[in-house]
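Step one of this worksheet: look at the structure below.
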Amino acid sequence: MTFTDMLQLLPPTLADGLVLGLLYAVIALGYTMVYGVLGLINFAHSEIFMVGAIVAVEVLTHLLAGTGLHPIVQIVVAMIVAAAVSGGLAVAAERVAYRPLRLSNAPKLAPLITAIGLSLFLQDAVRFIESLFGQFIRPFPSMPFFDRQIPLTPTDTVPLKSLVILIVAGAMLGGLVHVVHHTRLGKAIRAVATDRKAASLMGVDVDRIVMLTFLIGGALAGVAGTLYALEFGRVDPFSGFVPGLKAFTAAVLGGIGSIPGAMVGGIVLGILEVMIGTFVPILTDNMIGTEYKDIFAFAILILILVFMPTGLLGRPATEKV
Amino acid sequence: MAAGLLSPRSLGVVAYAIVTTAMALFVFTGSGLVDTAAFVALLVSVHLATDAARIDGATRFVVLTLVLVVALPLVGVRNTFYLDVATQVGIYAVLALGLNIVVGFAGLLDLGFIAFFAVGAYLWAILSSAHGAGLLGPGFPLPPDAFFVAILVAVGIAAGFGILLGLPVLRLKGDYLAIVTLGFGEVIRVLANNLDKPVNITNGPQGITGIAQPLSGVAATLASPAVPGFKWQALVYYALVLALVGIAVTVNRRLDGSKIGRAWIAIREDEIAAQAMGIPLVRTKLVAFATGAAFAGTMGVVFAAKQTFVSPESFDFNQSIGVLAMIVFGGLGSIRGAMVGAAMVTILNLQILKALSAGLNHLRSTGFEVFGWSFANLPTQFEPSKYERLVFGVILIAMMLHRPRGLVPADRRTIRVDTSNETEREGAR
């Protein structure tokens, strides 16, 4: 393959990378917000995302298929339902697995371990429920509308769904920035993130803010799940794990706790991943295949953590004793 | 204080061990739930006897010999399945002891621990199989009894991998470390899955078969017509694993009481304070990682030899979580806890969940009715043995919420300073 051939591949690769990156960014926001407020990695976030994806597929398959509604309306309804379920689930998770530990004097590792437990529990619980109704791998219902090709360059096209993802994810990110920086709720969230005790002395109901943070993060994960199902065409109870890990990598890459950081990190990671997955096999003549792209993501994570522990946009943390 | 065999508690434990041994030997030999209960009861006597604070050395020795050296092999000869379970428990017990050093003592949450196990397993698999011979050339496969050298080599190589992982990531705080180790575990699995090209090292998803078994000569000598069909090799592995568990426990106990052990605990409790007291953070953490990894690497070699087959599937995230569940169950930082956890989780996985599945299937097929509701209506998906993640998840959450220190909490030895001496000295002055 010549250099010009590879150059030709560049625009669609970048477009794919951007779409993937935006998905990572929306999921990463959930990690980064919870981390900002509680200093906790919500391991179960990847499963909350997965539940959103499955709920969206079920809603589209069983409630909306054949209603004759416009595909855009259908996907919006699915997104709202998925956001509601995922948001509710995130709040429930916080109640059951995190809050009791926050109030008691538990060992430092305890919340991480309950989070992992919750994530395993959700994977198998969803697998069980899904398998009661047939196969637990669920295909996204056929919606030809979203596969319509729109021109990107004179020679390349991208499917309409990429544009949908771009718009929805962009709106989510913009909306969240607005909420966090220009509303009372956002001010309270930032206050709790800065200093939980001081915030509560200033009259902020910390428990309520934590709950709302989980709600927002969960709802975003639900929307991201819908978009993920739309993009990749199928979901199963384990399809949250790898995207979740990547989204976490994105959050760390951008500087965990930082909302713009999660967005930048997501987009950078998405583009890098697709570029590596496309070009490395070509350059090495398939000696290093696409299956190694996940390894590259982790390699990036490790490099970032070693050389830039606070990420691209994170503030250096000093620990006071 | 009445020490010795005559203390009531010691007598009780000995009596209990004798009763359970008799039960296991003469009453139950099947593999249903009741038999499993008898088997577990037998193992409980080991647990009771190792309570060092309340049981004296002689009693401990008697009970351990009776149960581990006499009862279990005899049960195993009658029903190989139990010997296999006991061996499996032993393998996982050593893994749990290794992870206990990293997570329990040093407080570094490692979610990719099984990677080191994989390193040991693939090491022996490649060195001793026909597949490896094709890769390494003349002189291979190694003779089966090179196994013991391989164990020592695995200790070194796995420790090396531990340091390799540790070096870049040890500056990280707990949460980051968890995710990076998780990533590392996945990387090793993906490598095992894909390194069949350009050079076929791991044979990809098919795995490596025909791995050599050590001491097959001993097994052949033992073979007697008295018990036809019994695979004496299983007994050899049992003895081998038992010895390794003994070594692992001793090493763990010695480390726990040593300077480095106290440094680990100091780091776990407060990194900054530990550093201020002059503990070299990086070196101490690296030693923890390397030691834990060495335990896992050793057992990887044993695992590969015992299974005679390795494939990437045996080393997935579930396995790492399983070992974590063991030490959380037993109590982080607790040596006896790690053993209890290993036994409970392994038996849960291998026996209880399977027996429950079989029981439910039986009820389903016979259409057993409870209050007019027939078990035939129970969906076929309802199979406990397929939902180990769910069980592990519930264990992890429930333990952390209700018994965060585990079933057998670690107790730090405390030294009481005798203040009466002080006053005396003051009086003399």
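Of the residues that sit in region A:148-169 and are in contact with a helix residue (DSSP H, G or I) (Cβ under 7 Å, 6 or more places away or on another chain) and part of a helix (DSSP H, G or I), which one is surrounded by the fewest Cβ atoms within 10 Å (Cβ to Cβ)? Taking the candidates together, the pick is A:L166. When region B:203-223 is limited to residues that are out of contact with any strand residue (DSSP E or B) (no Cβ under 7 Å at 6 or more places or on another chain) and of a type in the set (S, T, Y), the one that is farthest from the other protein chains (Cβ to nearest Cβ) turns out to be B:T221. Scanning region A:130-176 for residues that are without any contact (Cβ under 8 Å) to a residue 24 or more places away in the chain and of a type in the set (G, A, S) turns up A:S131, A:G134, A:S142, A:A171, A:G174, A:G175. Give me the residue from region A:120-136 that is at pLDDT 80 or above and more than 7 Å from chain B (Cβ to nearest Cβ) and, out of that set, surrounded by the most Cβ atoms within 10 Å (Cβ to Cβ). Here the answer is A:L122. So, B:L152, is that one assigned to a loop (DSSP other than H, G, I, E, B) and of a type in the set (A, V, I, L, M) or not? Considered against the rule, which asks whether it is assigned to a loop (DSSP other than H, G, I, E, B) and of a type in the set (A, V, I, L, M), B:L152 comes out as no.
Restricting A:A115, A:A106, A:A93 to those that are within 14 Å of another protein chain (Cβ to nearest Cβ) and not in a helix (DSSP H, G or I) reduces the list to A:A106.
Taking the stated definitions as given, is B:F140 among the hydrophobic types (A, V, I, L, M, F, W, C) and either touching a strand residue (DSSP E or B) at 6+ places or on another chain (Cβ under 7 Å) or away from chain A (no Cβ under 14 Å) (or both)? Yes; evaluated as a whole, the condition is true for this residue. Of all residues in region A:50-71, one or more are within 14 Å of chain B (Cβ to nearest Cβ), of a type outside the set (D, E) and touching a Phe, Trp or Tyr at 6+ places or on another chain (Cβ under 9 Å). From the list A:D236, A:D285, A:D294, the lone residue that is within 14 Å of another protein chain (Cβ to nearest Cβ), touching a strand residue (DSSP E or B) at 6+ places or on another chain (Cβ under 9 Å) and more than 26 Å from A:L185 (Cβ to Cβ) is A:D236.
Within region A:135-178, the set of residues being in contact with a strand residue (DSSP E or B) (Cβ under 9 Å, 6 or more places away or on another chain) and hydrophobic (A, V, I, L, M, F, W, C) comprises A:I137, A:F140, A:F146, A:I150, A:L152, A:V158, A:L160, A:L163. If you go through region B:305-316 and keep only what is aromatic (F, W, Y) and crowded, with 19+ Cβ neighbours inside 10 Å, you end up with just B:F315. Checked against the criterion of being within 24 Å of B:A219 (Cβ to Cβ) and of a type outside the set (F, W, Y), region B:110-120 contains one or more residues that satisfy it.
Selection of region B:116-143 for residues being over 19 Å from B:N194 (Cβ atoms) and modelled with pLDDT under 80 yields B:A133, B:L136, B:G137, B:P138, B:G139, B:F140, B:P141, B:L142. Considering A:F140, A:F145, the condition of being of a type outside the set (A, V, I, L, M), at negative phi, more than 14 Å from every other protein chain (Cβ to nearest Cβ) and buried (at least 19 other Cβ atoms within 10 Å of the Cβ) is satisfied by A:F140 alone.
The values are calculated or read from the model by the stated rules, or taken from the named source; none is laboratory data. Just so it is clear, the structure is predicted and the values come from calculations on it, not from any experiment. FYI the Cβ positions are ideal-geometry reconstructions off the backbone, even for glycines, and counts take in every protein chain you see.
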